1. Which one of the conditions (1) within 30 Å of residue 161 (Cβ to Cβ); (2) over 20 Å from the mean Cα position of the chain (by Cα) does residue 50 fail to meet, given that it meets all the rest?
2. Of 135, 140, which residue is more than 14 Å from the chain's Cα centre (by Cα) and within 22 Å of residue 16 (Cβ to Cβ)?
3. From the list 33, 54, 41, pick out the single residue that is of a type outside the set (Lys, Arg) and farther than 24 Å from residue 109 by Cβ.
4. Take region 39-56 and flag every residue that is among the hydrophobic types (A, V, I, L, M, F, W, C) and part of a loop (DSSP other than H, G, I, E, B).
5. Suppose we keep only residues that are surrounded by 24 or more Cβ atoms within 10 Å (Cβ to Cβ) and of a type outside the set (A, V, I, L, M, F, W, C) within region 64-90. Which one would you say is nearest to residue 34 (Cα to Cα)?
6. For region 108-210, give me every one of the strands (runs of 3 or more DSSP E) that falls completely inside it and has 3 or more residues that are touching a helix residue (DSSP H, G or I) at 6+ places or on another chain (Cβ under 8 Å) and within 19 Å of residue 7 (Cβ to Cβ).
7. What are the residues in region 42-70 that are under 22 Å from residue 188 (Cβ atoms) and not charged (D, E, K, R), if any?
Amino acid sequence: MPAFAWTGALRPAKVSPRRAVPPSIPRPDYAEAGIPASELASRQQKSAAVRSPAELAGIRAACRVAREILDTAAAAVRPGVTTDEIDAIVHEATLAAGAYPSPLNYFNFPKSVCTSVNEVVCHGIPDGRALVDGDIVNVDVTAFYKGYHGDLNETFTVGKGVDAASKKLIRVTAEALDKAIAAVKPGVRFRDIGDIITSHVRANECVLGWWAREREREAQPIHSPRIYSLLSSLLFKTHAASTSSAPIAVMASATCSTAPPTSRTTQATRPSAR
């Protein structure tokens, strides 16, 4: 077991071998070598491209496929199920849709989905640990479909024993995401979207994930009496605004105190595919 400062009780378990993808499935350039050469060389790393109507249709199709795969995975989340089993479900559902599971071999990532349990911030590797009552788990699905990656994820409660802070974390980040998406339109700056997320998170006595990690590193208190110092709920949705030709990706990440949640939703609502 690696010797470093663990942030919680979670420990890695056995990781099963990489799952195979039939030759008939179209795949991205990193599928074999593990290096996304076209992505690294793309101008889009420095500026957002304006997409044509045909490209937007392709993006929407890929996102719809990914949404359906995520819904299939969500139905399997319950105590006793391992994240490796969720990976198998996602893998088979992706292939059945004629898509390639984008995480697989992306910079040598060994699995077809990312599963982040409890204090794992994001991009967790599915393994043989069984989910237990009281866990939360983020399932991050990306499908490469007809030349486009559809990328989205959602955090789910496991069983009935999830604590108030975790429920609040899921609720607040989902609300921040929805508020940010509602603001997407021509002329809105990326930093304006970030400000919307920050304002909502702080109004609910939470802090953004990166800020919490910095304060923990400096041994500064954030909230009292107890916090989830490395717990982030990452909710990602690709949104093509009806009045804009550029798809916008919005992410909300936060850490919350143990203040009780309101009577509103305690689990992120799965939006319909766009």
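1. (1)
2. Every option except 135 fails the conditions.
3. After ruling out the rest, the residue left standing is 54.
4. Of everything in region 39-56, those that are among the hydrophobic types (A, V, I, L, M, F, W, C) and part of a loop (DSSP other than H, G, I, E, B) turn out to be 48, 49, 50.
5. 87
6. So the answer is 206-208.
7. If the condition is that a residue be under 22 Å from residue 188 (Cβ atoms) and not charged (D, E, K, R), then 44, 45, 47, 48, 49, 50, 52, 53, 56, 59, 63 are the ones that fit.
Table: residues versus (1) under 22 Å from the mean Cα position of the chain (by Cα); (2) farther than 27 Å from residue 120 by Cβ; (3) of a type outside the set (S, T, N, Q); (4) at pLDDT below 90.
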position	(1), (2), (3), (4)
8	yes, no, yes, yes
20	no, no, yes, no
23	no, yes, yes, no
28	yes, no, yes, no
44	yes, yes, no, yes
56	yes, yes, yes, no
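The values are calculated or read from the model by the stated rules, or taken from the named source; none is laboratory data. These numbers were taken from a predicted model, which means no experiment stands behind them. Every residue, glycine as well, gets a Cβ built from its backbone with ideal geometry; the counts of neighbours run over all protein chains shown.
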